[in-house]
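Asker: I'd like to ask you about the structure that follows.
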Amino acid sequence: MTLTAVFQFSLYTLVALAGTMLAYGEETFFPSGLTVFLSGLVLFVNERQGRLRMRPLAGNLLGLAALGAAAYEFFGDRPDSRLLAGAHFLVYITWIVLFQAKDIRQYWWLCALSLLQVAVGSVLTSMTGSYGLLLLAYLPLALWTLSVFTLYQGAYELGGLDHERPGGNAATPPAAAATSATAALDPLALDPAALLRQCFAPDRRSSVRHAIQQDSPGRWIVPRFVFGVIGLAVTGLALGLVMFLFVPRVSFGSGVRFQGEGTRGQALTGFSGEVRLGQIGQILENLDRVMRVRIFERVDGQKDKPLSIKEFAYEFGLDAPLFRGSVLDEYRQGRWRGGKPHTVTTHVMPSHPLEPGLIRQEYALDISGSEFLFAMRPISLARLYDPPGPINYVYETGVFAGGIERRDPIEYLVYSRRRTPRERDARRNQFGALPGREKLSVLTRMSCLQLPDEGIDGVVRLAGELTEPGRLTGDETMSLDRRKAETLSAHLRDSNEYAYSLNMEVVDPNRDPIEEFLVVRKRGHCEYFASALALMLRSIKIPARLVTGFKGAEYHENDRSYEVQQRHGHVWVEAYIDDEWIVLDPTPGARDEMVFQVGANAGFWKNAKHSISTLWSTYVVSLSLNRQQEALYDPLTGGVSAGWARLRDLLAPVGTGIGW
């Protein structure tokens, strides 16, 4: 393979990889993903056959059009429109340069544009393990391409390239043109410089005469060059890794925003201050990690004891762990919204004293910029671990505020006090009070009793029929409201009249979605079951609200942690009964089976992805100063100290002998 072919193949592969990384960061194929197809088209059609060449005038006009398209997108309504406008402008310019007649300048443009696209892609994505693998592939490929580019540029300046072939460049250097003319007149008239240029032409191949191979000095890509570039790449990556691991991580400030302030979190989880019915169904087959959780019981004077999430859930009267996120109390035509900004009041969670017997939950939330911090209730103490600081919560809803302005995962600690024997015997699954108002305020009660003006007559009628005195279930020692709530929840969950399904075919688009689910379709996922229960509770004057979060997690033995994935997304109900918020989950058990099956079908690749993602998240994305201190500095310092102590012990007899 000639030098020109090696260089062009390397360069266009680099451009295609950069387009792939930008498309991965945007989470959409167009326009960045189209660069992959165009790079292959230009390589095999334009460079090889000289077709589809773009004239300079056409390139200039298309450049102006690209600038206009980027300017139009720059002033769009999306919060990230400015960044996307710049990213798409880079893509459009790359397309134009691809189809132009190329010399050294155009090739340098392609290298620079590919690097810029990778940089923008890293801003758009959360730097997951998948993007990290792409980045690790891009770096050695870029080094190889630039190394070959150096040889190619030298051959170009030397004048040895054949620029008149169909796939070559448009212009011929003057020295090469003069040499070709002289050689045509008299081959012996070649001067030494011209002869050198001819011998080192990158298109020269070996020749065989009388069974003897004669290698031309124009062989550029030799084993020494290949292994030299590989060694340089490995050495550079190793040194860069050492510098990355040991340079102290220092963050300069952070800001915390609260629910209702319009924060921009990542849309992967679908959990925000407003949720449309059917939205969560799009993520229930997604295996992307949301957070990592570890649970310990604090034992006085001893090492903390690990605790399983099932033990934690059972301790507080729940069948499965529920990681509480946002609270939604306003319903209208298939949409739930949270509290209005003017009603949001925040308080600081206490973080001390750390008493013996507390249960510590350690969280590493991978969704940087999330509006909410997810955690299992009840909660007594909480604080941010990395970055260090207090945690705030919304006064009326108990929602933990997130939205920390940083790219790294958010690490925080949550402490829970065990229930008293009396509470444990009562088998209550209460929400768990946070410091603040103990009684329900008038505004909160009104918002949690609000119903649409019309469109849910069937919901109200069914709730009234199911809560008639003769149809109530549950222990008669319970309060009347508690028995009504348990009856409605059990009807949706256990009557077999309603089925769990992700198929959301709409029968009547003019009907309210909950009315259609409850009366006509009778199948749906957790959003529909929880919404139906909340509206039915409100219709019988029991305050209720929707809660979004996660249910369940997957245990990993290697690091003794639990991984919460997108597929664990869930919605349930909190009802205010007997002067406390209690948890009601009306979704049938088929939901848990489907979530398990999604994880079981992933197999080997899921486990491999988890290992890579954990390694990348722990030692690249979330590497903080505290983690460096624990994982790198302290062991290294301890090793050096131990080695120095051993050396002193070995030299002590020598010193004693010298002193004698």
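The values are calculated or read from the model by the stated rules, or taken from the named source; none is laboratory data. Not measured: the values here are computed from a predicted model. Don't worry about glycine lacking a Cβ; one is built from the backbone with ideal geometry, like all the others, and counts go over all protein chains shown. Accessible surface areas use protein heavy atoms only, side chains included; no ligands, DNA or RNA. Shrake-Rupley method; radii C 1.70, N 1.55, O 1.52, S 1.80 Å.
Asker: Can you name the condition, by its number, that residue 53 falls short on among (1) modelled with pLDDT under 85; (2) within 26 Å of residue 133 (Cα to Cα)?
Answerer: Unmet for residue 53, out of (1) modelled with pLDDT under 85; (2) within 26 Å of residue 133 (Cα to Cα): (2).
Asker: Name the single residue that is nearest to residue 94 (Cα to Cα) among those in segment 5-64 being hydroxyl-bearing (Ser, Thr, Tyr) and open to solvent by less than 40 Å² (accessible area, probe 1.4 Å).
Answerer: It comes out as 35.
Asker: Tell me whether segment 326-334 contains one or more residues that are out of contact with any Leu (no Cβ under 7 Å at 6 or more places or on another chain), open to solvent by 30 Å² or more (accessible area, probe 1.4 Å) and modelled with pLDDT under 80.
Answerer: For segment 326-334, residues out of contact with any Leu (no Cβ under 7 Å at 6 or more places or on another chain), open to solvent by 30 Å² or more (accessible area, probe 1.4 Å) and modelled with pLDDT under 80: absent.
Asker: Let me ask you something else. When you scan segment 388-399, how many residues do you find that are open to solvent by less than 10 Å² (accessible area, probe 1.4 Å) and not β-branched (Val, Ile, Thr)?
Answerer: 2
Asker: Let me ask you something else. Determine whether segment 550-569 contains at least one residue that is assigned to a strand (DSSP E or B), under 30 Å from the mean Cα position of the chain (by Cα) and among the polar types (S, T, N, Q).
Answerer: Yes, there is a match, as at least one residue in segment 550-569 is assigned to a strand (DSSP E or B), under 30 Å from the mean Cα position of the chain (by Cα) and among the polar types (S, T, N, Q).
Asker: Before we move on, is residue 141 modelled with pLDDT of 60 or more, part of a helix (DSSP H, G or I), surrounded by fewer than 16 Cβ atoms within 10 Å (Cβ to Cβ) and not small (Gly, Ala, Ser)?
Answerer: no
Asker: Would you check if there is a residue in segment 500-507 being over 19 Å from residue 336 (Cα atoms), β-branched (Val, Ile, Thr) and either crowded, with 23+ Cβ neighbours inside 10 Å or at pLDDT 90 or above (or both)?
Answerer: Within segment 500-507, none of the residues are over 19 Å from residue 336 (Cα atoms), β-branched (Val, Ile, Thr) and either crowded, with 23+ Cβ neighbours inside 10 Å or at pLDDT 90 or above (or both).
Asker: Could you run through segment 475-495 and say how many residues are assigned to a loop (DSSP other than H, G, I, E, B) and in contact (Cβ under 8 Å) with a residue 60 or more places away in the chain?
Answerer: Total satisfying the criteria: 1.
Asker: So how many residues does segment 516-548 have that are in contact with a Lys or Arg (Cβ under 8 Å, 6 or more places away or on another chain) and open to solvent by 10 Å² or more (accessible area, probe 1.4 Å)?
Answerer: The total comes to 2.
Asker: Considering only segment 526-549, state which residues are over 22 Å from residue 378 (Cβ atoms) and in a loop (DSSP other than H, G, I, E, B).
Answerer: 540, 541, listed by residue number.
Asker: Would you mind stating whether residue 551 is touching a residue at least 40 places away in the same chain (Cβ under 8 Å), open to solvent by 10 Å² or more (accessible area, probe 1.4 Å) and within 27 Å of residue 294 (Cβ to Cβ)?
Answerer: yes
Asker: Somewhere in segment 489-499, is a residue farther than 17 Å from residue 571 by Cα and either surrounded by 19 or more Cβ atoms within 10 Å (Cβ to Cβ) or basic (Lys, Arg) (or both)?
Answerer: Among the residues of segment 489-499, at least one is farther than 17 Å from residue 571 by Cα and either surrounded by 19 or more Cβ atoms within 10 Å (Cβ to Cβ) or basic (Lys, Arg) (or both), which makes the answer yes.
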